[in-house]
Structure formats: C-alpha cells, structure tokens
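Just so it is clear, none of the values below were taken in a lab; they were calculated from the coordinates. Every value quoted in this text rests on a predicted model; they were computed, and no experiment measured them. As a convention, Cβ positions derive from the backbone with ideal geometry for all residues, glycine included, and neighbour counts pool all protein chains shown.
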Amino acid sequence: MKIKLISIALMLLLIYPAIGCPVCERQQPRLLRGLVHGTGPDGFWDYVIVALIAIAALLTLFFSVKWLLKPGERSQDHIKRSIFKLDNHE
C-alpha cells in the first residue's frame, strides 16, 4: 500500500510541471492554454510540423499494437519458421 501511495505521489509531481503557469498561459494561443509552458508556436508551419509528428506517432503506435497482436504471417516458408524448426541432427 505504501509503494502505491509513493508511486501516485511521484506521478502527480511529474505531471505538475507540465501544467502551464499563469504567465505562460497568457502567451499561449487559446488552443494550447493551460497545457504547455513557454511561448506558443511562432507560425503556421509550427502547427503543421507538430501535427505531422503527432500523426506519425499515432500511426506507429497503431501499427505496432496491431502487428503485435495479430502478426499475420501464415506462409510455411516464412523466415520465422526456420527458427522454430527443430534440428534433427541426422
């Protein structure tokens, strides 16, 4: 029980710095207020870059989970079959 409480406290302490302070909130665009520190994006291209990175990360996560749960290699001559075969030492 003590370990769980310490873990929760540490997670909350790690999350707290991610919340924007009042000074940073005034400098952020309405979309990002209260979420991040520092000044907001400088222009349109900053939003485009962040959006592309977010899309790439979400696609990577999606396909990683998909192929981890259901790989789909059914061929008998797939390279993984050579690892699974037992050596007969004949």
With r as the distance between the Cβ atoms of residue 6 and residue 47 and R0 = 41 Å, compute the FRET efficiency 1/(1 + (r/R0)^6) and round to 0.05.
0.60
Within a 10 angstrom radius of the beta carbon, how do 11, 1 rank from fewest other beta carbons to most?
1, 11
Estimated FRET transfer efficiency (residue 65, residue 23; beta-carbon r; R0 35 Å; 0.05):
0.35
